[in-house]
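Peer 1: Below is one structure. I have some questions about it.
The values are calculated or read from the model by the stated rules, or taken from the named source; none is laboratory data. Worth saying up front: this structure is predicted, and the values here are computed from it rather than measured. Cβ: placed from backbone, ideal geometry, glycine included. Neighbour counts: every protein chain shown. Just the protein is used for accessible areas: all its heavy atoms, side chains included, with ligands, DNA and RNA removed. Shrake-Rupley method; radii C 1.70, N 1.55, O 1.52, S 1.80 Å.
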Amino acid sequence: ALLFITVYTADGFYEFVEDHCVFNSTKLDDIEYIRSYYYNKLEYTRFSSSVGKYVGYTEYGVRNAEAWNKDTGDLAAMRAQKETYCLINVGNDHEAAL
């Protein structure tokens, strides 16, 4: 799986976003793109290409997911990440592993 992390800190609080691809082969149908949002190690919102929208796991996360799911442009961009972000990188990792 591929993993990229972005970190934001302020006054001792820790927030980060994690993008990763889960795959069993280089076929697009076998790849899942996931972006998770964390605050102090607790995941509060996630986008999964399998679900096709944001899902909240805390009260704050649910509010974020509801707002972000209304932005059709952002949802289309996130859904495209499976092909534009994962497919290329998965192909590279798959070849390197073989």
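Peer 1: So in the stretch 17-41, with the set limited to residues that are of a type in the set (Lys, Arg) and farther than 18 Å from ASP71 by Cβ, which one is modelled with the lowest pLDDT? Please lay out each step first, then the result.
Peer 2: If we filter the stretch 17-41 for residues that are of a type in the set (Lys, Arg), which is where we start, we get 27, 35, 41.
Next cut, farther than 18 Å from ASP71 by Cβ only: 27, 41.
Details: LYS27: 76, LYS41: 87.
Only one residue tops the list, namely LYS27.
Peer 1: Modelled with pLDDT of 80 or more and open to solvent by 90 Å² or more (accessible area, probe 1.4 Å): which single residue out of TYR60, TYR44, TYR8, TYR14 fits that description? It would help to see each step written out before you state the result.
Peer 2: Values: TYR44 fails: open to solvent by 90 Å² or more (accessible area, probe 1.4 Å); TYR8 fails: modelled with pLDDT of 80 or more; TYR14 fails: open to solvent by 90 Å² or more (accessible area, probe 1.4 Å).
Going through TYR60, TYR44, TYR8, TYR14 in turn, just one is modelled with pLDDT of 80 or more and open to solvent by 90 Å² or more (accessible area, probe 1.4 Å): TYR60.
Peer 1: Restricting to the stretch 16-74, name every residue that is closer than 16 Å to CYS86 by Cβ, outside any strand (DSSP E or B) and small (Gly, Ala, Ser).
Peer 2: SER25, SER49, SER50, GLY52
Peer 1: What number of residues within the stretch 68-85 satisfy the criterion of being surrounded by 13 or more Cβ atoms within 10 Å (Cβ to Cβ) and either within 17 Å of VAL17 (Cβ to Cβ) or not acidic (Asp, Glu) (or both)? Don't jump to the end; show me each part of the working.
Peer 2: Here is the first cut: in the stretch 68-85, the residues surrounded by 13 or more Cβ atoms within 10 Å (Cβ to Cβ) are 68-69, 74-75, 78-79, 81-83, 85.
Adding the requirement that they be either within 17 Å of VAL17 (Cβ to Cβ) or not acidic (Asp, Glu) (or both) leaves 68-69, 74-75, 78-79, 81-82, 85.
Adding up the residues that qualify gives 9.
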